[in-house]
Amino acid sequence: MENGKNNALALQNTHVKLLAFDLLSLTQFPFHSPDAATSFFRRGIPISRVEILGTVTLHHLKPERLLRFAIDDGTGCVPCVLWLNDANSPSVVRRRRHELAARFVEVVKFGAVARVRGRLSRYKGGVQVTVSDVVTERDPNAEIFHRLDCIRLARNCYNLLPSPSLRG
């Protein structure tokens, strides 16, 4: 059982492929954690990072601040935020992150099919993805392959992991 507990916790720092309906139904731990990214659970298993794929259905840019967009995969619409305010940071890492984010803004176009990776966060009572990576998909089969992959992973991996709260 200890190995199952470790496997369940291993998902916490992995980009878990989820469909929108599954992502939007994640539960948040009742108390307000200082690290909100680690307080989301799927069937008792902590999840902090996700990968989603779908069509960009909302695009709202606040220059030099943030890009808000939504990804619709046919099962729901996931709100995403890409922060753009690290340009003048003294940190080299943050400036580099800003350069990448500026490139991602060019990728995220209304109607484009995009693969998004990022951390889970909460905004105005709902779950959202704080984007760390965006790629435009050119393969017309990408959406169906992603959907099939999510279903396969849910059946064969995510649903089989025991809850970390169980003791053996």
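Among residues belonging to region 83-110 that are assigned to a helix (DSSP H, G or I), charged (D, E, K, R) and closer than 15 Å to THR130 by Cβ, point out the one that is modelled with the lowest pLDDT. Explain how you work it out, then say what you get.
Taking region 83-110 and keeping what is assigned to a helix (DSSP H, G or I), we get 92-107.
With charged (D, E, K, R) added as a condition, the list becomes 94-97, 99, 103, 106.
Adding the requirement that they be closer than 15 Å to THR130 by Cβ leaves 94, 97.
Details: ARG94: 63, ARG97: 73.
Result: ARG94.
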> Just one of ARG115, ARG119, ARG138, ARG147 is closer than 16 Å to GLU51 by Cα, of a type in the set (D, E, K, R) and modelled with pLDDT under 95; which is it?
Replying inline: ARG119
>> What are the pairs with Cβ atoms under 8 angstrom where one residue, in region 138-157, is surrounded by 10 or more Cβ atoms within 10 Å (Cβ to Cβ) and the other, located anywhere, is among the small types (Gly, Ala, Ser)? Sequence gap at least six, or different chains.
In response: GLU143/GLY54; GLU143/GLY74; ARG147/GLY74
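The values are calculated or read from the model by the stated rules, or taken from the named source; none is laboratory data. Treat the numbers as computed from the prediction; the structure is a model and nothing was measured. For neighbour counting, all protein chains shown are included, and Cβ atoms are generated from backbone atoms with ideal geometry for every residue, glycine included.
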